[in-house]
Each structure stands twice: as C-alpha cells, then as structure tokens.
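The values are calculated or read from the model by the stated rules, or taken from the named source; none is laboratory data. Note that the coordinates shown come from a computational prediction; the quantities given were computed from them, not determined experimentally. Glycine also receives a Cβ, built like all others from the backbone with ideal geometry; neighbour counts cover every protein chain displayed.
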Amino acid sequence: MKKPQPLLKPKTIIIALSALLLAGGAVFMLLRLREKPVEVTTEKAFRKEVVHIVTATGKIQPELVVALSPDVSGEIIELPVTDGQSVKKGDLLFKIQPDIYINQVQQSLAQLNAAKSQSLEARSRKLKAEDDFRKASLLFQEKLISETDYIASKTTAQAAEATYAATVHTIEQNKSLLEQNQDRMNKTVIRAPINGSVIVLNNKLGERVVGTSQFPGTEVLRLANLDSMQVVVEVNENDIVNVKTGNPVSITVDAYGARIFHGIVHEISNSAISKAAGTQEEVTNFSVKIRIFNQERLLKPGMSATADIESERVKNALVVPIQSVTLRGASGAAESPKPEKSTITVTSKSKEPESRQGVFVVNQGRASFRPVKTGTTDNTHIMVTEGVREGEEVVSGSYTAITSQLKEGSMVKPQQK
C-alpha cells in the first residue's frame, strides 16, 4: 500500500516562516520609522558646588529696643529730646511735674520727726518705770511695801517698755514711707538707660501721662541702639528644619536695590505663628532673627528686606536640573492621576504600582528612565547621589515631555536650549 504524502514539505514550511519573519521585520521597521520623536532639551550631569538657600522676607528692627513709660503720673514739664535724636546713657529724656511728690516727701519727713520725738519721750518714761520697779523690788524684799504695789510697779515698767518698742516700729514705718515718697519724687526725672536714638516719640511738652504703678501706663518714647540691627523674617514650617543658628545670610533691602548686606541667624523661635488657622489657606511659620554686620547705620527700623539663608553647602556635587527629576511608576510610565475623594476604590496593596523618583537619560536617540537618589538643591540644580554618572545626558525639558510624554525607550529629538 502506498504511504500518504505530507501536505507541506519541510522546505516549504521553512520558506513560509522566513517570509513571515521578513514581513514582521518590515512592519516593525515601518512602525519604527513612523514613530514621531519627542522634542526635548537635554543637559549633561556635571559637578558643582550646591548651596541650598531658604528665602524669607521681613522687616529691619534694632536688636535692642527700650520702651520708656513713667512710674508716676503727671504733666510733662521738660522734654529736651526730639524724634531721631541720639542720646547717651544718663541724659535727661523728660521730666514730670514733681510738686505733689515733693509735698509727700515733706509730709513723710515731718511724720518721721514726730515719731522720733514720741520715741524719745517713751524712752524716758520707760527708763523711769524701770528705775521705779527696781526700787519697788528692793522694798518688797524688805517687806516694806505690799505685793499690790510691787505688781503695779512691775506692770507700769512693762507697759512703758511696750510703748517704747511701738514708737521704734513707728519710726521704721515712717522711714519706709519717706523712702517710698522720695523714690516717687526721683522718678519724675527719666534719664536714658542706654546709648541710643529716639525712634518713637509719642508725647509733647505739657501733656499729662499715666504712671505704671498699678496698670500699663503711657509709653512716652522708645530708645533703640541703631548700631546693632537685625532683620526678623518668618520661615515656613517645611524650611525651618533646615535653618540653624549660625547659618550665614545674604540680605537685600528694598531701599538699597542690589546692595548685599551680610549677617547670621542668631535666634530661632520655638513657637509657631499660624495665619488663617482652621481654613484651607492656613500657613504655619516660625520667626527667625538675623543679625546684620555691615549695616553702617544705613538701615532704619521698619525697612523691608529679603533674607537668603544658606542652610547647606556641598562642594563637588554631581547635579542635574531640578526639573529633570520626576516620579514614575515601576514600569517607567507616567503616573495616572489620583481618583477624586468621592470615588471609593478598593485595591490590594500588592497590586499598587510603586512610584519611583528618577530622570530620563538619553542614549542613541532614545530615552531611558533611570531611578535616582537625590540630595540638597539650589535654585536651579539638584544633587544626585546615586543613579546617574557624570557626563550622562539627561532630559531637562519640556515639562510636558518629562511628566507625561516620555516612556521607557521613547525616541527623542534633542534641541538646543
């Protein structure tokens, strides 16, 4: 019996497979030729010194400001200073009408003298009573007077001693009152406690002021040492962790244009300053005081200033443009937007794509996503500690290309920046 012949010969099968492979390759090459390259700008990774700057705005203030309010009330009868005048420690600032306080001192002095006279009289009575009691004691021992007379003499001596002691305490009380009234009289004259300048003058000659003995009184003027100035700025809570006492600062003042003043951070507040609390616009800042060195008395309280605080400096750091760093899923594809809050999505954690930080490196006309580890930044570049080598070309623009258009293996067309 004759064996059946195979439908296709091996040679035919090989030829057909070769044809299919050639056709597939041709289609692949055609699709590849038809792929539109993404236009991007690139920049090579290089080394430079990275200085991380925290920028904040604030006002110029003197480091030392003394607000002067009188301890006593009355009319200002002398005011020899003017706003902006420089004074030395001990100079007369203003004087309050002292007549009422002089009268109180004289009255207290008279009461003290009267108490002293009464004390002398009481002392004489005390000495006489003690002498009478001594004699009565001798007579009582000899049975020459009765016990009643003896007790009466003893009682008189004790009473005289108590009266004298009371007059001594009265003297002390009147001395204290006299000193208090003298202190009030002396406080009608207010002198400069420091060397400085008058930066605020609230009252004029002849006006009446209220003392601070029991409640806040009238603030007549303020003195400040204009040789020692500072700028007080508010730093956001996200940046305050990078600011340390002693950080160098470059300061620009609106009134002096591009002139740079230098300083250091000398005080950081531990208490937060919250604005628009309880709303979506809530902002939490911390007050930072910066001492200014080369101000040469050019700065005045209240001037607006911008402080660039140098929080970190890294030499010879490998950097790429800040905008080059993006977040992508594990596949290198752009992350899809998060669902709205009203949408409830239940998924397994094991299926969630892990976001990775990285850059797109260009090699032979194609972009490859490269995960990286980063460090500090300056205004234009970010330090890369792992993932990119010096001299490699990374995509630096456009924003749309980096965040959404580029995929692993995308064809790119670099442009000149």
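Observations, loosely collected:
- Considering region 285-304, and only residues there that are in contact with a Phe, Trp or Tyr (Cβ under 8 Å, 6 or more places away or on another chain) and crowded, with 18+ Cβ neighbours inside 10 Å, the residue that is farthest from G375 (Cα to Cα) turns out to be L299.
- Flag if L68 is in contact with a Leu (Cβ under 7 Å, 6 or more places away or on another chain) and closer than 22 Å to V220 by Cβ: yes
- With respect to (1) under 28 Å from E121 (Cβ atoms); (2) at pLDDT below 95; (3) not basic (K, R), the lone exception for H169 is condition (2).
- Filtering region 172-220 to residues that are over 18 Å from D71 (Cβ atoms) and among the hydroxyl-bearing types (S, T, Y) leaves only S197.
- Flag for S86 being assigned by TED's automatic domain parsing to the domain that holds T167, of a type outside the set (D, E) and on the phi < 0 side of the Ramachandran plot: no
- Flag if K135 is surrounded by 13 or more Cβ atoms within 10 Å (Cβ to Cβ) and in a helix (DSSP H, G or I): no
- Pairs with Cβ under 8 Å, 6+ apart, first in region 110-123 and not assigned by TED's automatic domain parsing to the domain that holds L177, second part of a helix (DSSP H, G or I) and of a type in the set (A, V, I, L, M): none
- Any hit, region 173-180, residues being in contact with a Phe, Trp or Tyr (Cβ under 6 Å, 6 or more places away or on another chain) and surrounded by 14 or more Cβ atoms within 10 Å (Cβ to Cβ): no
- Taken together, the residues in region 232-287 that are under 21 Å from K300 (Cβ atoms) and either free of Cβ contacts under 8 Å to residues at least 12 places away in the same chain or not in a strand (DSSP E or B) (or both) amount to 7.
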